[in-house]
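Remarks on the structure that follows.
The values are calculated or read from the model by the stated rules, or taken from the named source; none is laboratory data. What you see is a predicted model, and the numbers here were worked out from it, not measured in a lab. A quick note on method: Cβ atoms are made from the backbone with ideal geometry, for glycine too, and the neighbour counts reach across all protein chains shown. Just so you know, the surface numbers come from the protein's heavy atoms only, side chains and all, with ligands and any DNA or RNA stripped out. Shrake-Rupley method; radii C 1.70, N 1.55, O 1.52, S 1.80 Å.
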Amino acid sequence: KNKLKDCFSELTILDADGKPFCEAYSGKDYKQVSLSALHDYTYMAFVCVEDKRFFSHKGIDVKRLVGATLANVKSGSFKEGASTISQQLIKNTHLTSGKTLKRKLNEMIIARELERNYSKNEILEMYLNTIYFGRRAYGIESAAEVYFGKSATELTLSESAILAGMIKAPNVYAPDKDAAKCLNRRDVVLGLMQKQGVIGQEEFALAKSEEIKASAGTNYRPSPYSERVIK
């Protein structure tokens, strides 16, 4: 149970000579936020882009899994994972990120067990509090502070879509990385939210017209190597 909420340990990265490679990473500033404190559109942005049938499946999205399996057979690789939010939570807190059949089967088995013991809202809350957003930001509360200088409870629809879209590749879609790519990815998420009936046309248009107002605190630049180690 503790693993579902603890997403990191204190970390010091050493070089080949055993000397500190960069500033030690500590989770002392890590903060969690309850799902009920967030705007509906904030957590639904993640559901729409990551697992649109989250509230109806039992840990495994069979329809999506079949489609991904066929795509993988065709390509001869494990490019399509079809992981639900429940599976991603288990992978992030209990397993490695290696793309092997054994790891995937373990992920699915434990995800089913997770769904038997926790409500959908509890699972979604734990997921949002353990996602890695880059810039040493674990969880949506830390990410909101790092990228927008505010609490996750204050995120706009546009900002929520940005964070939901960037977890696919934080170093590519972060608001302080490439504004064009960030906006394009945000608009994809907003489009999915509209298509799935979470927001209306007016909300979509207003959010799409909102400019990115990233926090000045996003100037932190870890080395690519240390960032991968931390992740």
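Filtered by the rule that a residue be surrounded by fewer than 18 Cβ atoms within 10 Å (Cβ to Cβ), assigned to a loop (DSSP other than H, G, I, E, B) and modelled with pLDDT under 90, the stretch 82-119 gives LEU95, THR96, SER97, GLY98, LYS99, THR100.
Listed here are the residues, each with its yes/no results for (1) assigned to a helix (DSSP H, G or I); (2) surrounded by 19 or more Cβ atoms within 10 Å (Cβ to Cβ); (3) not polar (S, T, N, Q).
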residue: ASN121; (1), (2), (3): yes, no, no
residue: LEU124; (1), (2), (3): yes, yes, yes
residue: LYS150; (1), (2), (3): no, no, yes
residue: LEU163; (1), (2), (3): yes, yes, yes
residue: CYS182; (1), (2), (3): yes, yes, yes
residue: VAL188; (1), (2), (3): yes, no, yes
residue: ALA207; (1), (2), (3): yes, yes, yes
residue: ILE212; (1), (2), (3): no, no, yes
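Based on this model, can you work out whether GLU145 counts as open to solvent by less than 30 Å² (accessible area, probe 1.4 Å) and modelled with pLDDT under 95? Taking the combined requirement at face value, the residue does not satisfy it. For ARG185, the criteria (1) within 17 Å of the chain's Cα centre (by Cα); (2) in contact (Cβ under 8 Å) with a residue 24 or more places away in the chain hold in every case but one, which is (2). Here ASP176 meets each of (1) open to solvent by less than 50 Å² (accessible area, probe 1.4 Å); (2) closer than 20 Å to TYR127 by Cβ; (3) of a type in the set (D, E, K, R) with one exception, condition (2). Against the numbered list (1) within 29 Å of ARG53 (Cα to Cα); (2) modelled with pLDDT under 95, THR218 comes up short only at (1). Selection of the stretch 137-169 for residues being under 20 Å from LYS91 (Cβ atoms) and of a type outside the set (Ser, Thr, Tyr) yields ALA137, GLY139, ILE140, ALA143, LEU163, ALA164, GLY165, MET166, ILE167, LYS168, ALA169.
Any residue at all in the stretch 39-48 that is buried (at least 16 other Cβ atoms within 10 Å of the Cβ), part of a loop (DSSP other than H, G, I, E, B) and either at pLDDT below 85 or β-branched (Val, Ile, Thr) (or both)? So far as the stretch 39-48 goes, no, none of its residues is buried (at least 16 other Cβ atoms within 10 Å of the Cβ), part of a loop (DSSP other than H, G, I, E, B) and either at pLDDT below 85 or β-branched (Val, Ile, Thr) (or both).
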